[in-house]
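What follows is a single structure, written as structure tokens, with notes after it.
What follows draws every value from the coordinates through simple rules; no lab data is involved. Being a predicted model, the structure only gives us computed values, none of them experimental. A quick note on method: Cβ atoms are made from the backbone with ideal geometry, for glycine too, and the neighbour counts reach across all protein chains shown.
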Amino acid sequence: MAAVSAQPNDPTAFSRNRFVVGDTVVAVDSVVESPRLAVLSGMLSLAECDALIAESRALMAPSLVIDEHNVDNTVHDTRTSSGMHFVPGTSAVADAVQRKIMSVIGLPIDRAEPLQVLRYGPGEEYVAHFDFFDAHDDGGADAPPTTVSLYGQRVATMICYLSAVESGGATVFPEVGFEVRPLPGRAVYFTYVGANGALDPMSLHGGAPVHEGEKWIVTQWCRERPYRATATTSWAAPTPTNS
Ligand code: PD2
Ligand code: ZN
């Protein structure tokens, strides 16, 4: 039987300025209609931010941009950060943070890709990209299954900032001139389907270069269907080929 797909919560539909998730009070700082996004303060506690940095620091490796067909797991100059992901069940704090994020997104926990940590030093950036995949890129008749064919399209992203950054490092949405500056515990939650039901080009986004300080984030990407890491899933959850 085909897996049932679910839709993420609409980031623009938070009716209150604050809401509670578990023991966390989250403030809704801003919402934007296109791309559909919400900026959330207090999403993570300072203790959670510090613990995620402490647990991931020793495991950081140069970030990869992974081809949808898993044949090109190469370091790429579109993402000059370092990263790692938490294998579910290996960190109590990462598991708790992932449950909290998925509860706000409103999808079952099995739609979550592994929680990914990125660190950017001065001069490092993530050039503008879409988090969804090119659905037409099936690699041809003889190609192995893509992650889209296995788990469905990505449908939502939440980026949580773990560190204060002295200068630079905002997440930028260049099509709409909107930026979110990093602050520990703050998050930006966005989906990619526009008002017309199609993937929204306004969701193009990037990580601006860090000028001074160190930027740490965790990113949660979500799928339409249950996500399972496989032998071909590298340490870094797959990132879009158009990034
Ligand atoms: O670090 C960021 O601000 C950033 C920008 C764009 C992160 C991501 N994309 C991501 O993790 O997808
Ligand atoms: Zn992204």
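Other residues with beta-carbon under 15 Å from the beta-carbon of Val20 carry, at +1 per Lys or Arg and -1 per Asp or Glu, a net charge of +3. Backbone geometry of the stretch 26-33 corresponds, through the Karplus equation with coefficients 6.51, -1.76 and 1.60 at θ = phi - 60°, to 3J(HN,Hα) couplings of 10, 9, 8, 7, 8, 10, 10, 7 Hz, x marking Gly and Pro. Count Lys and Arg as plus one, Asp and Glu as minus one, and take only other residues whose Cβ is under 15 Å from that of His211; the net charge is then -4. The packing ranking of peptides 166-174, 38-46, 218-226, highest mean first, is 218-226, 38-46, 166-174, where packing means the average number of other beta carbon atoms within 10 angstrom of each residue. Close amide H contacts of Asp200 (hydrogens built in the peptide plane, cut-off under 5 Å, sequence separation of 5 or more or a different chain): Val193, Gly194. Here Gln7 and Leu46 are evaluated by their C-beta separation; at R0 = 35 Å the FRET efficiency comes out at 0.65.
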